[in-house]
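No lab work stands behind these numbers, since they all come straight from the coordinates. Being a predicted model, the structure only gives us computed values, none of them experimental. Here the Cβ positions follow ideal geometry from the backbone for every residue, glycine too, while neighbour counts run over all protein chains shown.
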Amino acid sequence: MIAILVDGIVQGLQLSLMAVGITLIYGLGGVLNLAHGQFAVVGGIATALFVEAGVNPLAACALGILSAGVFGFVVDRTLLLPAYRSAGEERLLLGLLITLGLSFVVNGFLDYKYPNISLTLKLATPSFNVAGITVRTASVVAAAIAIVAFVLLFAFLKGTLLGKVIRSIIQNEVGAGLCGINPGRIRTLIVTLSAMMAGLGGVVQGLFSSLGTEMGNELTSFALIVAVVGGVRSINGTLAAGVLLGIVNAFASYFVGAYLTLIILLGTAVFTILLRPAGLFAYRT
Amino acid sequence: MNKDRYLADYVTLLLVAVVLALVPLGVGDSAHYLRIVTLMLITIAYAVAFNIIFGHTRQLFLCIGALAGSSAYLSVVLAIKTGLSPWATIPLGIVSAALLGGAFSYVSVRRGLGVIFVGIVTLVFSLIFHNLVLGLRELTNGETGIETKGLGAAVLQSGRGSYYVILAFLMACLVLYHLLMRSRAGTAFRAIADDEFAAELAGIDVTFYKVLAASIGSALLGAAGAIYAFYSGFISPTEYALVSVDIVVLVTLLLGGMGTLLGPVLGGVVFTVLDEIVRPLGRLNVLVYGVLMIVLVITFRQGLVAALRKIVKVRIP
């Protein structure tokens, strides 16, 4: 029972890593990134390629995450520019369609170029005992990585001037602009950062089980569900929703099977949108 | 002036009918190409339906395949389980798709969901549908799919005859579209597409017309999906997946031109030709669709019809 709980929490943390990116990009750029899972896959597969090339696994992970960041940067500076140039509904629509197209491009490319590559990272000691419960080392490491990433992110957002700037843009883009903030550059930074966190999520997935080229859409939909349930503008909400849904996912998979679980999760997302569009944990405004 | 406008519509409808009717002659005896052009008709029908929903009332339904598939699965499974003729179960599928689409639209208009949330809700519905079909093995046979041959819809099964039956269906869709657009509803749709808020202020019942557009569009999607099911002789979740239907229809519509009569037809024809050109690339075709979609969204949002209008200086409907 506790093993399931631990599994759920770890998976939830991993989902939050990606969902936070969706939240940040939507909050700052007004673009709902439907290619976010593909960012994770790019990071993970790049790591796998580096490992295959004989790079030390740790360095390979760092390089993989960096590749995801570079990919995010390039996408932001090229593909998303037309979306940023328009405003309101038009921007949302453009962003949605462009990233949807991008997700197909990445899927198609990886599926064609690297059909048989997947990322599976193995640790030296597969599991250990704590008070009579067998815990997978991978779970602990994955959880630790995710928690460290989140602590760093929160410290960055709450503690630094740049973080304050970012939060101000999320609250009110025009107001931030009037205070002399250039939203464009911050946006690029955030997209890059989100892509790197997604890449980290991809690496964690490889640590936890395995990451294949075809998993982009699956990861995107999970991250999207978490972001929606947590509130697409609330970072704390996203983290809470991730852990909550991770636990629900683990228990439901254990008791009612994988396919019903997915439908439960999807149903949760739909009802959240209909009942509390700002998310379960959002402040009332 | 008004008479003139309808004349252009009639001429276009007639031209489309004649040209598409001649296509099988050009294809000759090749069963392979006959199948491809028949599938083109189905894609065009999807695009006509989606045009009503997205092109005219700006409701981004990312569940084209799921709506078509729900109708298809409902009619096929009912026909198998109850022994009813497909001609009785297809209308049930159509009605269910229309109700589903109408419900999505009603809920999202009532809750004031923006384009993004409509997109998410319908995308999530697509995923739910996909997983339901995979999960309800006893009914749908999961990934393996169901044979639809010999269920009593012989007219729809492969061959030159079925091409003309499906063409008749497509022409019915286009005529319905034409009638819809020249009616009061068409005026309302144009007003909503221009500025929803202003339309509401002018006394247009935005909720009603959006739901109407979504229901009619979904009904047509359902009809096309069910017809495809009986035509192809086999259905599986892949045939109605996001990759196989939604992206193709989006590209077709963007390519041809949203909110036009000829757009979906033109887009469908050009897309089919392009698809044939990239076929040798095998699995890379998904990549090509993606690139095409991005390029169209960024640089060519008005579509072929608008470009043609500029070149030939004739008002094309």
With chain A treated as a Gaussian network of Cα nodes joined by springs under 10 Å, which of A:T125, A:T137, A:T99 yields the largest mean-square fluctuation? A:T125
Between A:E89 and A:V248, what is the FRET efficiency for a Förster distance of 25 Å, r being their Cβ-Cβ separation, to the nearest 0.05? 0.15
Say each of B:L99 and A:V174 gets a label point 7 Å from the Cα, pointing the same way as Cα to Cβ; how far apart are those two points in nm? 4.5 nm
Relative contact order (percent) for chain B, with alpha-carbon contacts under 8 angstrom and 6 or more residues of separation? 31 percent
Mind listing the phi-derived Karplus ³J(HN,Hα) values for the stretch A:160-173, rounded to whole Hz, using 6.51, -1.76 and 1.60 with θ = phi - 60°, and x for any glycine or proline? 10, 5, 4, x, 4, 4, 4, 5, 5, 5, 4, 6, 7, 5
Residue with peak Gaussian network fluctuation, chain A [Cα springs, cutoff 10 Å], from A:L211, A:L265, A:L119: A:L265
The stretch A:64-106 to the stretch A:225-285: how many Å between their Cα centroids? 25 Å
Built amide H within the under 5 Å cut-off of B:F234, gap 5+: B:T148
Sequence of B:K313, B:K149 once ranked by neighbouring C-beta atoms within 10 Å, starting from the fewest: B:K313, B:K149
Using +1 at the Cβ of each Lys and Arg and -1 at the Cβ of each Asp and Glu in the protein assembly as shown, identify which of B:G26, B:V288, A:G279 lies farthest towards the dipole's positive end. A:G279
State which helices in chain B qualify, where a helix is a whole DSSP H run, it must extend 24 Å or more along its own axis by its Cα atoms, and its mean Kyte-Doolittle hydropathy must be at least 0.0. B:2-27, B:31-50, B:64-82, B:86-110, B:115-135, B:160-182, B:206-232
Between Rg and the Kirkwood Rh of the stretch A:2-275, both from Cα atoms, what is the Rg to Rh ratio? 0.97
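Which FRET efficiency value, to the nearest 0.05, do you get for A:L260 and B:K313 by plugging their Cβ-Cβ distance into 1/(1 + (r/R0)^6) with R0 = 60 Å?
The value I calculate is 0.55.
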Simple spin-label model, 7 Å along Cα-to-Cβ: B:R110 to B:V155 in nm? 3.8 nm
What's the exposure ranking of B:I277, A:I22, going from fewest to most Cβ atoms within 10 Å? B:I277, A:I22
Under the 7 Å Cα-to-Cβ spin-label approximation, B:L179 and A:L66 lie apart by a distance in nanometres of 6.5 nm
Quick one: dipole size for chain A, taken about the Cα centre, charges +1 on Lys/Arg Cβ and -1 on Asp/Glu Cβ, in debye to the nearest 20. 680 debye
Using Cα positions and a limit of under 19 Å, work out the lysines in reach of B:K81, with same-chain residues fewer than 8 apart set aside. B:K149
Run the helix sum for chain B: -39,500 (n - 2.57) per DSSP H stretch of 4+ residues, divided by residue count, reported at 222 nm to the nearest 500 deg cm²/dmol. -24500 deg cm²/dmol
In a Gaussian network model over chain B where Cα atoms closer than 10 Å are linked, find which of B:R301, B:R137, B:R58 has the largest mean-square fluctuation. B:R137
Once you order the gyration tensor axes a ≥ b ≥ c over the Cα atoms, which shape class does the stretch B:2-241 get: rounded for a/c under 1.5, otherwise prolate or oblate by comparing a/b with b/c? oblate
If you plug each phi of the stretch A:196-208 into the Karplus form 6.51 cos²θ - 1.76 cosθ + 1.60 with θ = phi - 60°, what whole-Hz ³J(HN,Hα) values come out, in order, with x for Gly and Pro? 5, 5, 5, x, 4, x, x, 4, 4, 4, x, 6, 6
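What does the C-alpha gyration tensor say about the overall shape of the protein assembly as shown? Classify as rounded when a/c is under 1.5, otherwise prolate if a/b is larger than b/c, or oblate.
Prolate.
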Among A:R77, A:R85, A:R136, which comes first, second and so on when ranked by fewest other beta-carbon atoms within 10 Å? A:R85, A:R77, A:R136
